[in-house]
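Quick notes on the structure that follows.
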Amino acid sequence: MIHSIPNASIVIFGATGDLAHRKLFPALYQLYQKGHMKENFSVVGVSRKEYSHEQFQQEVYEAVNEHTPGTESDKVKKFASHFYYLKMDVTSEPSYHELEELLNVLDRDYQTNGNRLYYLAMAPRFFGTIPTFLKSEGITNTEGWQRIVIEKPFGHDLPSATKLNEEIQQSFNEDDIYRIDHYLGKEMVQNIQVIRFGNAIFESIWNNKYIDSVQITSSETLGVEDRAAYYEKSGALLDMVQNHMLQMVMMVAMEPPGELKPEHIRDEKVKVLRSLRFFNEEEVRKNVIRGQYTDGKIKGESVPAYLKEENVDPESKTETFVAAKLFIDNFRWTGVPFYIRTGKRMAVKSTEIVIQFKQGPMALYHANTEKYQPNLLRIHIQPDEGVSLTLNAKPKGDTSDLLPIDMTYNNKSATDMNSPEAYEKLLHDCLLGNSTYFTRWDEVALSWEFIDRITKTWNGTGAPITYYNSGSMGPQEAEQLLYADGHSWWEPTKVREEC
Ligand SMILES: NC(=O)C1=CN([C@@H]2O[C@H](COP(=O)(O)OP(=O)(O)OC[C@H]3O[C@@H](n4cnc5c(N)ncnc54)[C@H](OP(=O)(O)O)[C@@H]3O)[C@@H](O)[C@H]2O)C=CC1
Ligand SMILES: O=C1O[C@H](COP(=O)(O)O)[C@@H](O)[C@H](O)[C@H]1O
């Protein structure tokens with residue numbers, strides 16, 4: 001349900017950066033132009049560059065026009081007039097006094113009742129510093145609500161995440177900490193719950209009696225781009241698996257919540273992580289594959305190997321691909337493998353969840369044909385948004401053969417990849433105080449506990465890194481992981497269309 005956002009001041013730390021320009025300004029604009037944000041809001045952009053308020057407003061105007069289709073110039077100008085700029089180094093205590101002065105004026109002018117949202121669109125090394133100063137310098141001391149949005153990555157392992165969390169919790173209550181995972185803002189990720197719990201036909205068969213296996217693929221065609229400094233240390237495991245991939249696993253595997261309230265839903269999600277099998281070294285070697293892209297072709301264009309990318313160590317062992325077989329050891333899921341894979345420079349940009357159902361008890365129709373397909377429920381997260389169900393039918397005419405058919409619901413055809421839509425939804429929720437689709441601390445802690453075991457094995461006695469050609473769907477070893485179980489990866493729908 002859409003509600004109007006209360007009057008508030010929003011502070012964006014890192015306002016001259018990429019995230020602010022490509023995602024946050026356009027997302028806020030969408031909320032404004034749809035009427036969810038009225039005129040009583042101000043946005044303060046913070047970073048070290050020299051700007052006047054007017055120059056910053058011009059930047060906001062340009063960013064919104066560049067990243068939002070079909071804008072109206074007057075509307076964008078009016079929107080941008082709510083923006084103010086403060087040149088400040090977030091590590092310098094005195095500059096917080098200037099921030100406070102500016103916010104006090106804006107609180108009065110926009111009648112915000114002291115409601116403040118702080119968005120940390122900054123490098124993670126500042127995630128602890130900013131909340132500490134916000135509190136020590138009295139900025140959070142207003143009559144209104146105070147919320148903080150923390151970008152990813154939230155730490156790089158359990159100890160660092162715990163330390164960071166303790167630091168932030170000195171200044172903000174858990175209820176006011178919004179750890180963002182933009183996959184949770186995606187339309188079809190949120191739709192998983194509705195498809196499952198709003199349809200008796202699915203919920204009654206959503207278990208190990210009827211489901212054979214689950215596959216979750218999130219593939220990208222882009223390489224590391226200009227983010228090698230960050231990516232070399234993170235790799236696909238920390239960049240995608242610890243957060244986005246595990247979030248999708250939780251959404252598919254969770255039990256129905258008692259009520260559609262944030263804590264009910266988050267409680268159920270965290271229970272999935274408690275049942276997730278945490279691997280020992282041998283299990284990591286057996287069930288987790290890491291890969292790195294070599295050169296190849298993406299849509300006909302030659303692209304370099306990861307080791308040849310700018311700022312990448314030519315001997316780097318950083319993985320750009322991960323495939324894994326996960327197990328959820330509870331009543332519902334025992335015996336059902338969850339296969340996940342994600343990587344850069346793959347054949348197609350696509351995120352898809354495939355639920356593969358078991359065969360019926362007797363092969364009445366499919367004993368003598370190769371055309372039989374297991375029933376598949378595909379949840380298309382992106383670029384297409386929708387659901388399709390593969391069934392077997394009889395082809396027209398006098399034949400006893402089978403014809404796999406797809407029943408498809410297409411919510412929206414591909415528009416802009418990586419669109420600000422997810423950020424729009426999540427900013428909206430956060431401004432309303434709804435934390436359902438934000439990550440709670442216990443989720444973060446458990447996900448790190450799981451991931452740390454993999455990192456430890458990879459860094460220790462090791463598991464070999466495998467290689468795949470750019471433009472492929474990953475290394476052979478990832479195929480083997482499934483062949484061994486008599487399975488194979490289902491091609492993402494987009495691959496079928498593009499090949
Ligand atoms: N970009 C993206 O698509 C995504 C980004 N993220 C996360 O969002 C965060 C921001 O990423 P991104 O926008 O790409 O980063 P950028 O490097 O583009 O921007 C960083 C911002 O921080 C400012 N900054 C740096 N040091 C200071 C300082 N000491 N005091 C004040 N401001 C400072 C920079 O401005 P200046 O140099 O002028 O001070 C700039 O505005 C990161 O945590 C990233 O992991 C997450 C998902 C996607
Ligand atoms: O968080 C991240 O996500 C993007 C992929 O997001 P998507 O919405 O385009 O699927 C990924 O490219 C990036 O490396 C990672 O940091």
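The values are calculated or read from the model by the stated rules, or taken from the named source; none is laboratory data. If you're wondering where the values come from, they're calculated on a predicted model, not measured in any experiment. Counting neighbours? That spans all protein chains shown, and the Cβs are built from the backbone with ideal geometry, glycine included.
The rows are residues; the columns are (1) surrounded by 17 or more Cβ atoms within 10 Å (Cβ to Cβ); (2) in contact with an Asp or Glu (Cβ under 9 Å, 6 or more places away or on another chain).
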| residue | (1), (2) |
| --- | --- |
| Ile405 | no, no |
| Asn410 | no, yes |
| Val444 | yes, no |
| Ala484 | no, no |
*Can you name the helices (runs of 4 or more DSSP H) wholly within the range 156-210 that have at least 2 residues being without any contact (Cβ under 8 Å) to a residue 24 or more places away in the chain?*
158-169, 200-203
*Mind listing just one residue for me: the one in the range 201-248 that is touching a Lys or Arg at 6+ places or on another chain (Cβ under 8 Å) and hydrophobic (A, V, I, L, M, F, W, C) and, of those, farthest from Trp489 (Cα to Cα)?*
Val224
*Mind listing whichever residues of the range 447-485 are closer than 15 Å to Val284 by Cβ and charged (D, E, K, R)?*
Glu449, Asp452, Arg453, Lys456, Glu477
_Of all residues in the range 187-241 being under 30 Å from His428 (Cα atoms) and among the basic types (Lys, Arg), the one that is surrounded by the most Cβ atoms within 10 Å (Cβ to Cβ)_ = Arg196
_Which numbered condition Phe278 misses (of (1) in contact with a strand residue (DSSP E or B) (Cβ under 6 Å, 6 or more places away or on another chain); (2) more than 13 Å from ligand 2 (Cβ to nearest atom); (3) assigned to a loop (DSSP other than H, G, I, E, B))_ = (1)
*Could you please tell me which pairs satisfy a Cβ distance under 9 Å, a separation of 6+ or placement on different chains, a first residue in the range 293-315 that is touching a residue at least 12 places away in the same chain (Cβ under 8 Å), and a second residue that is loosely packed, with under 10 Cβ neighbours inside 10 Å?*
Leu307/Pro314; Leu307/Glu315; Lys308/Pro314
*Could you grab me the full set of residues in the range 231-246 that are touching a helix residue (DSSP H, G or I) at 6+ places or on another chain (Cβ under 8 Å) and within 14 Å of ligand 1 (Cβ to nearest atom)?*
Tyr231, Leu238, Asp239, Gln242, Asn243, His244
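Yes/no matrix, rows are residues, columns are (1) surrounded by fewer than 15 Cβ atoms within 10 Å (Cβ to Cβ); (2) among the charged types (D, E, K, R); (3) more than 30 Å from Glu93 (Cβ to Cβ):
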position: Val11; (1), (2), (3): no, no, no
position: Arg22; (1), (2), (3): no, yes, yes
position: Met37; (1), (2), (3): no, no, yes
position: Val43; (1), (2), (3): no, no, no
position: Glu59; (1), (2), (3): no, yes, no
position: Val64; (1), (2), (3): no, no, yes
position: Lys75; (1), (2), (3): yes, yes, yes
_Please verify whether Asp18 is farther than 27 Å from Glu187 by Cα and in the same structural domain as Thr142 (by the TED database), treating the condition exactly as stated._
no
_Qualifying helices (runs of 4 or more DSSP H) (wholly inside the range 411-494; at least 1 residues being at pLDDT 95 or above, closer than 30 Å to Ala27 by Cα and within 16 Å of ligand 2 (Cβ to nearest atom))_ = 421-432, 441-459
*Select from the range 376-406 the residues that are in contact (Cβ under 8 Å) with a residue 24 or more places away in the chain, in a strand (DSSP E or B) and under 27 Å from Val249 (Cβ atoms) and list them in ascending order.*
Leu376, Leu377, Arg378, Ile379, His380, Ile381, Gln382, Glu385, Gly386, Val387, Ser388, Pro404
*Of everything in the range 327-344 that's among the aromatic types (Phe, Trp, Tyr) and either under 17 Å from Ser488 (Cβ atoms) or exposed (fewer than 15 other Cβ atoms within 10 Å of the Cβ) (or both), which residue is farthest from the chain's Cα centre (by Cα)?*
Phe331
*Residues satisfying the stated conditions in the range 1-27, i.e. assigned to a helix (DSSP H, G or I) and touching a residue at least 40 places away in the same chain (Cβ under 8 Å)*: Leu19, Ala20, His21, Arg22, Lys23, Leu24, Phe25, Pro26, Ala27
_Filter result for Asn173 (more than 15 Å from ligand 1 (Cβ to nearest atom), under 21 Å from the mean Cα position of the chain (by Cα) and not assigned by the TED database to the domain that holds Ile216)_ = no
